[in-house]
Structure formats: structure tokens, C-alpha cells
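> This is the structure, below, for whatever I ask next.
Since every read-out is calculated from the coordinates, none of them should be taken as a lab result. Since the model is a prediction, treat every value here as computed from it, not as a measurement. Cβ placement follows ideal geometry from the backbone for every residue including glycine, while neighbour counts extend to all protein chains displayed.
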Amino acid sequence: MLSWLKMLSMDSRLRGNDEVTINKQETTMSKEWPLWEVFIRSQHGLAHKHVGSLHAPDAAMAVNNARDVYTRRNEGVSIWVVKAADIVASSPGDKDALFEPSNSKVYRHPTFFPMPEEVKNL
Amino acid sequence: MYAQLVETGLKKVQTDADMSAEEQAFQARIDAGIRIEPKDWMPDAYRKTLVRQISQHAHSEIVGQLPEGNWVTRAPTLKRKAILLAKIQDEAGHGLYLYSAAETLGVSRDELLEALHAGKAKYSSIFNYPTLSWADIGAIGWLVDGSAIINQIPLCRCSYGPYARAMIRVCKEESFHARQGYDIMMKLAQGSPEQKAMAQDALNRWWWPSLMMFGPSDAESVNSAQSSKWRIKLFSNDELRQRMVDQTVPQAEFLGLSVPDPDLKWNEERGSYDFGEIDWSEFNNVLKGNGPCNRERLRTRVTAWEEGAWFREALVAHADKQAAKEAAA
């Protein structure tokens, strides 16, 4: 700690008034911004992928902020933002019942039907 | 780490006897390695522990921008300035991913920021130290982000889905931070005698605080044990700290700099470095609010929030105005 204190005395910006009077007036926003879910399609991608969420006051700000937060490394060429409130999702609790019908229909996959080797183009 | 000494609110690690049927079922899912998602049932203590941990982590990212922001106008080259700005932008992004993850647990951004600004919420001890030279920027990227990576990689496998996924994204970006720091250190260490001395001085000041980041030994900690049981915490503070030392000492040797620890010694039997005693009184003092920069950090954040109010309000006013126009049309 002592080496820090010695150094501090050399940095004039830190010699200022240490008293913090936290002004309690506005620590809450007057109106909460809606939550948006962000979907990005990459340059080589076919579909938009969900990458995360953010709060923004309107759609234009949501797209701009999504660009700043989620595409800093060339992740995408297209951004969708959707209000989280507009998304309807299946319930995790219903997972088993909802997806059960496809469990027993393995004949929907081509691999269910072995073809003779001599037969081409099937 | 970024989240230190996280309270679970429990006095002892919960055994089957302590848990309700619901809690036992939940624990069984944890033990089976099933990811817990926002809409799943979870014990109140699990939820609260995660809110504390994730929000502390988020606050750390945001406050962590400040020590580095100090040197943006004084970076030695335009390229290094642009790179430092990119790192700071990343920290803002990391804060956002983490606030978003915390919000899935039923808290609002307002509540979290209110707690930070009122001095009620914690952030990592490390960000209460000042950056006194350009070499500090190198030391921070190398040692602080380096330590963060060691802590965050296991978190990618933690039991809470949104936190784990946020960590995966963060880890991808964090590697650039560590390299950026080491790149600065290399340039300085291989430069003039004055530059090398500046690098050594930065290492001298950031080494011990970086080791303290991992938190005190938690062999006796109920909070750590319960967090482990919930698979939030996968390794002990001591294990992670040892990992950091073992990885970093060879890096310092390559730079030709000396680690400021006379007790640092390779232990052939353990296959690890033995290192000196940490002064935990300094750590506790910093957490209490008496570190070199605690008050300045908080004051800066509160000022930024208050002075930005007009902008946030204008955005809302504009949005409302546009919406009203559309409704009328």
C-alpha cells in the first residue's frame, strides 16, 4: 500500500476533494426502456441467430446499439431487433409432450431407407 | 475475482435434510449437469446468490473502464490509442451481457445501478487502484485480464444458462485484452532502460493486487462450499490463484522482469510455484472503501449517470413523440 500512497502524491488529479456527496435526485430513469432481443445473420450465414439482448427506447436506437454491442468483430451483415414482449415461446415444462410426436417418426430421415449400392441417384 | 466474497445468505451448506422436495429435485438437476434457465424453478438463495455475483461482475466491467480511460489521451501511438479504445468498448459490452444475464433473474437495470451508485453493491477490488504510467495499461491487460480469463473459463460451464453463455462470449473477447497488455509489456521491457524500469515498476505495483483479486482462501467458507454445490463456483480461490501464478511467472521471465516476491520459488514436488504471504489487510481495507481510488471511482460513475440524464430523457421523449405521430397518422 505504501508504494501506492507515495505515487499518489505525485498525481495531482487525485489530490482533489475526497468527499462524495451522492446526489440522490435521479438514480432511476423516469421511464424504463423496453427489452429487445437481438438476432444477427453473419456474412456466410443463412439464418439470423439470437446473440443477446439490450434495452433501448425505440427500434432505431435498438439497431444502433445492437451494432455497437454485437458486431464489433464483423459478426454480421444483418440485424433484427424484436421487442422481447412480442416473442412467444414454448414452455420448457411442455418440452416432453410438445416434441414427443417426432421421437417415433424416424422414417422422416432418408437414412431410415437403405438403398442397394447398384442403384444410383436415390 | 470480479465477483469476490459473494454471499449466499446461508449459514451452512444445505444437505438433503435441509432441503424441501423441490430443492432436492433442483439439486438433482444441478448434479446431473442440467443447465438452469430463467423460467425454471430455483431456490430463492440460488437466485439471490446469482444476482449478487452476476451484478458484481457487471459493475466490475463498467468501473473497470475507468483506470484505462485515464490513459486514452496519453497513449504513445495512435494505434495503441485505438486498440485501448477497442478494449474499453469491449468492457462496456461485457457489462451489458452481464447486466442482461442478471436481469433474467428478476431484477431491473435501475435496481442494479441504484445499488452501485449508493455504494451498496460491490465491484472487484482491483479497480480501486490508480493507473500511474502507460506501463500500468500493459500490466492491467496482462495480469488483470489474464486473471479474469482464468476465473471466467470455468464459469462458461456454470449451472445458470444465461451466465454461462455470457461468459463464453466474454472469454472470446478477453483473449485480445490479455495479449494487448502483454504486447505493451514486451515493447517496454525490450526498449530503453527507462522503459524497462517503467514496466518493472508497473509489475511491482499490480502483482499483489492481482493475486488478491481471486479472494481469500476459501477452504473454510460456507458461501464458497454452497456455491460449489450449486455448480456456480467450480474451483476454489486458491486453485485459481495458483493457476495464475504458474502461468504468469514464465511470462514475466520472458520479459526479463522480476516478480516482486522474494518467496517465489518453484516447488518440484508440487509441480507448482510456492509464493509469499498475501497481505489480506490491504484487501479488506480496499473492500471497505479505503483503497487509493474507491471514492473517485464511485463519484465518477455517479457523475456520469447524473450528467447523462438529459440524454436518456431526450431519447425517451423522442421515442414517445414518434410513437404518438404514428398513432395519430
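> Counting only other chains, what is the mean number of Cβ atoms within 10 angstrom of the Cβ of each residue in peptide A:52-62?
5
> Pop the C-beta distance of B:Arg165 and A:Ser104 into the FRET formula with R0 = 35 Å and round what comes out to the nearest 0.05.
Calculated value: 0.65.
> Still on this structure, I have one more. As a quick test, which of the pairs A:Lys49/B:Lys79; B:Lys87/B:Lys187; B:Lys11/B:Lys120; A:Lys83/B:Lys79 have an alpha carbon distance above 28 angstrom in this structure?
Going by Cα-Cα distance, A:Lys49/B:Lys79; A:Lys83/B:Lys79 fall outside the 28 Å limit.
> Average the reciprocal distances over every distinct pair of alpha-carbons in the protein assembly as shown, invert the result, and give the Kirkwood radius in Å.
Value: 24.6 Å, from the Cα pair sum.
> Treating the range A:31-122 as a set of equal point scatterers at the Cα positions, no solvent, please give the Debye-formula log₁₀ I(q)/I(0) at q = 0.10, 0.25 Å⁻¹.
Each listed q maps to, in turn, -0.50, -1.16.
> Here's something else I'd like to know. Output the direction-averaged projected area (hull surface divided by four) of the convex hull of the alpha-carbon atoms of the range B:1-144, in nm².
For the Cα atoms of the range B:1-144, the hull's average projected area reads 10.6 nm².
> Moving on. Shielding by partners for B:312-323, please: the mean number of other protein chain Cβ atoms within 10 Å of each residue's Cβ.
4
> Next question. Rounded to a whole number, what is D in µm²/s for the range B:208-279 from Stokes-Einstein with the Kirkwood radius over alpha-carbon pairs (10 °C, 1.306 mPa s)?
After rounding, the answer is 117 µm²/s.
> With contacts defined as alpha carbon pairs under 8 Å and 6 or more residues apart, what's the relative contact order of the range B:73-206 in percent?
Answer for the range B:73-206 is 27 percent.
> Next question, about the same structure. Cross-link candidates for A:Lys105: which lysines have Cα within less than 22 Å, leaving aside residues fewer than 8 places away along the same chain?
Output for A:Lys105: A:Lys95.
> Averaging over all projection directions, find the projected area of the Cα convex hull of the range B:183-329 and quote it in nm² with one decimal place.
Value for the range B:183-329: 16.2 nm².
> Order by neighbour count: B:Glu269, B:Glu91, fewest other Cβ atoms within 10 Å first, most last.
Ranked by crowding around the Cβ, least crowded first: B:Glu269, B:Glu91.
> Suppose a student asked you for the relative contact order of chain B, using Cα pairs under 8 Å spaced at least 6 residues apart; what percent would you report?
Reported as a whole number, the value is 21 percent.
> Then there is this: At most 15 other Cβ atoms within 10 Å plus a DSSP loop assignment makes a site exposed; report the longest stretch of chain B without any exposed trypsin sites (Lys or Arg not before Pro).
B:158-269
> Jot down the per residue volume, in cubic angstrom and as a whole number, of the convex hull over the alpha-carbon atoms of the range B:60-151.
With only Cα atoms used, the range B:60-151 gives 105 Å³ per residue.
> Would you give the gap between the C-alpha center of the range B:5-58 and the C-alpha center of the range B:234-248, rounded to a whole Å?
If we compute the Cα centre of each part, the gap is 24 Å.
> Compute the distance in nm between two label points, each set 7 Å from the Cα along the Cα-to-Cβ direction, one at B:Gln322 and one at A:His50.
That separation, rounded to one decimal, is 2.5 nm.
> What percent does the relative contact order of the range B:151-236 come to when contacts are Cα pairs within less than 8 Å and at least six residues apart?
That works out to 33 percent.
> State the answer as a single residue: which of B:Leu66, B:Gly256, B:Ile54 lies farthest towards the positive end of the charge dipole of chain B, with beta carbon charges of +1 for Lys and Arg and -1 for Asp and Glu, about the Cα centre.
It is B:Leu66, whose Cα lies furthest towards the positive end.
> Cα convex hull of the range B:172-241: how many Å³ per residue?
92
> In addition: Sort B:Glu114, B:Glu22, B:Glu103 so the one with the fewest other Cβ atoms within 10 Å of its own Cβ comes first.
B:Glu22, B:Glu114, B:Glu103
> Residues of B:286-292, mean number of Cβ from any other protein chain within 10 Å of their own Cβ, rounded to a whole number?
2
> Give me the distance between the Cα centres of the range B:85-136 and the range A:84-107, rounded to whole Å.
If you average the Cα positions of each part, the centres end up 37 Å apart.
> If the cut-off is 18 Å between C-alpha atoms, which aspartates and glutamates fall inside it for B:Lys39, apart from same-chain ones fewer than 8 positions away?
A:Glu37, A:Asp86, A:Asp94, A:Asp96, B:Glu22, B:Glu23, B:Glu103
> I'd like the FRET efficiency for B:Asp40 and A:Asp86, computed as 1/(1 + (r/R0)^6) with the beta carbon distance as r and R0 of 30 Å, rounded to 0.05.
0.85
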